[in-house]
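Chemist: This is the structure I want to talk about, given as structure tokens.
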Amino acid sequence: MNLIFAVAALAILIWAAAILLRGGPLCGALTVLLAGTCFGYRFFHLETGFIPLTADRLLFLLVIGQCLLCQRFGLTANRPWGKAEVVLALLIGDLALSTLAHDWRYQGNLPASKLLFYYLMPSGMYWLARQAHLSEPLARLIFGFLALMGVYLAATGIAEVTHYRQFIFPSYIASGNELEFLGRARGPLMNPAGNGYVLAVAMCAAWMWWPRLHSLGRSLLIAGMGLFVAGLYATLTRCVWLGGLTMSLVVAGFVLPRHFRAPVVTATLLVACVVGALQWERLMQFKRDEGQSSQEAKESAKLRPVLAIVAWRMFLDRPVFGCGFGHYREKFVEALEDRSSDFPLDTSRRYVQHNVFLGLLTETGLVGTCLFTMLVGYWLADAWKLWHSPAPLWRRQFGLFFMATFASYLCNGMFQDLAIIPMVNMMFFLLAGLTSAAARDAQ
């Protein structure tokens, strides 16, 4: 079985290389997503003494070089900068200054690695998307590619939960050597929240095919949604479920006819509220990881308020510029030593911050958090204007796609720091770049 999977992986990489060479920088960016999501650090890496090289990082360098060559010969769309691009540049500058102003070698170059892999490389993906010549065939390729990647992730997640480990590839996903999240659909990213976000993106991409299909195709698509729903459920992660539901409501709210829109959305929210109220205790303490008790699951749900208090105290100590990018684990100890609260702050000692915005707030202060919030706001404004523009449907779909998938990102990001999960920001920034490019072309 492993031999079959290895041959299949080799074939995928060969096809990915062909796409990279002939499909242009945007197709190369999709190849980077595939390599990083499905064949990341644990599948292949080379130690260099500073930062390890992985397949996606090597491909990323090739794609950037490819894009520079295409730009040199006038083969890219040189779209002018807008407000979002200016804010993105300011954000990267602020993160870089915060990194260099403190010990960037702390804990094995953690701040420098965090800046490079979780913000600089995603910004490169954003730039690749903004340079692409968008077309309807390319839009179909993007949505189809992401949907097929989601089929793999959903099937793998179901196999993880049902213990059909012989069907899981790469095999390290089901390995007992790493016990964290074992027994849930953690996928090749080894994190159920990150896996759930990518799955939600894939599910939304599949829905974007709806207008292009006839009755048989639509029937098959509806049936295929069961696989995505099962994959999201298999993460056994509450914020993933919330993100998937919210994303679906956003899509329904924008595409359903007016006379169906309000009843469907209202009925769905009522059912969700009733189920949540009736099953609240069960949702708070159901067993998820192998080896985890129900009591431990319940304690996990109680951790978020504690982490929020720690973040608030760290913010009050350094409100403007934060404690330094990548230095949360070094500086949060100071907040734990404050005994003026009855909250069990020591229970958070083993954890990183579990909120995207609070993570930035503690490390970069109001400056970095406000810049990131402004950036997301400009992206959402572009998406909103694009969806409501008179542009062709395939172009407008990028706006709907980003708004819907951001709903999943936000729901997950309020309970998990998605920014430090590999490949999540790479996906998020790429989708934002596609939206920005389509919005500029629609003006």
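The values are calculated or read from the model by the stated rules, or taken from the named source; none is laboratory data. Given the structure is predicted, the values throughout are model-derived calculations rather than measurements. Cβ placement follows ideal geometry from the backbone for every residue including glycine, while neighbour counts extend to all protein chains displayed. Protein only, heavy atoms only, side chains kept; ligands, DNA and RNA dropped before computing areas. Shrake-Rupley method; radii C 1.70, N 1.55, O 1.52, S 1.80 Å.
Chemist: When the accessible area of the chain is split by element with a 1.4 Å probe, what percent falls to carbon and sulfur? All intermediate terms of the calculation are to be shown ahead of the outcome.
Modeler: Working: 13760 of 20270 Å².
Within the chain, the accessible surface is 68 percent carbon and sulfur.
Chemist: So, one more: For an R0 of 60 angstrom, estimate the FRET efficiency from the Cβ-Cβ distance between Phe343 and Phe73 and round to the nearest 0.05.
Modeler: Numbers: r = 60 Å, r/R0 = 1.00.
The calculated FRET efficiency here is 0.50.
Chemist: For the chain, what number results from the quotient of the Cα radius of gyration and 2.2 N^0.38 Å? Provide the component values of the computation, followed by the final result.
Modeler: On the way: Rg = 21.6 Å, N = 443, 2.2 N^0.38 = 22.3 Å.
Taking N as the residue count of the chain, the ratio is 0.97.
Chemist: In percent, what relative contact order does the range 142-208 have, based on Cα pairs under 8 Å that are 6 or more apart in sequence? Write out the running numbers ahead of the final one.
Modeler: Working: 73 pairs, mean separation 29.2, N = 67.
Averaging sequence separation for qualifying contacts and normalising by length gives 44 percent for the range 142-208.
Chemist: I've got another one for you. Counting heavy atoms of the protein chains only and a 1.4 Å probe, report the per residue accessible area for the range 326-399 as a whole number of Å².
Modeler: Numbers: 3430 Å² over 74 residues.
With all protein chains present, the range 326-399 gives 46 Å² per residue.
Chemist: Another question about this same structure. Lys and Arg at +1, Asp and Glu at -1: add these up for the other residues within a Cβ distance under 11 Å of Ala442 and post the number. Intermediate results must be reported in sequence, preceding the final value.
Modeler: Working: positive: Lys385, Arg395, Arg396, Arg440; negative: Asp382, Asp441.
Combined, the nearby Lys, Arg, Asp and Glu give +2.
Chemist: Evaluate E = 1/(1 + (r/R0)^6) for Leu270 and Tyr351, where r is the Cβ-Cβ distance and R0 equals 56 Å; express this FRET efficiency to the nearest 0.05. Don't skip to the end; give the middle numbers.
Modeler: Details: r = 35 Å, r/R0 = 0.62.
Calculated transfer efficiency: 0.95.
Chemist: Then there's this: Size of the range 17-136 along its principal axes in angstrom, Cα-based, largest extent first?
Modeler: 45, 37, 23 Å, listed from the longest principal axis down.
Chemist: Using the Kirkwood radius over C-alpha pairs as Rh, can you work out the diffusion coefficient of the range 294-437 via Stokes-Einstein at 4 °C, viscosity 1.567 mPa s, in µm² per second? Intermediate values should be presented prior to the final figure.
Modeler: Details: Rh = 16.7 Å.
Approximately 77 µm²/s, per Stokes-Einstein.
Chemist: If you don't mind, there's one more thing I want to ask. Rolling a 1.4 angstrom probe over the protein heavy atoms, how many square angstrom per residue are accessible across the range 224-270?
Modeler: Details: 2280 Å² over 47 residues.
Heavy-atom accessible area per residue stands at 48 Å².
Chemist: Further, regarding this structure: For Val86 and Arg42, calculate 0.36 nm times their separation in residues minus their Cα-Cα distance, and state this gained length in nm to one decimal. It would help to have the intermediate numbers written out before the result.
Modeler: Working: separation 44, 0.36 × 44 = 15.84 nm, distance 3.54 nm.
Computed gain between Val86 and Arg42 is 12.3 nm.
Chemist: For the chain, what is the calculated [θ] at 222 nm in deg cm²/dmol (nearest 500), taking -39500 (n - 2.57) for each run of four or more DSSP H residues and dividing by its residue count? Intermediate results must be reported in sequence, preceding the final value.
Modeler: Working: 17 runs with 305 residues, N = 443.
The helix contribution divided over the chain gives -23500 deg cm²/dmol.
Chemist: Solvent-accessible area per residue for the range 59-102 at a 1.4 Å probe radius, Å²? Let's see the in-between values first.
Modeler: Working: 2500 Å² over 44 residues.
So the range 59-102 comes to 57 Å² accessible per residue, rounded to a whole number.
Chemist: Pick from Trp384, Trp312, Trp81: which residue has the top mean-square fluctuation in a GNM of the chain where Cα pairs under 10 Å get a spring?
Modeler: Trp81
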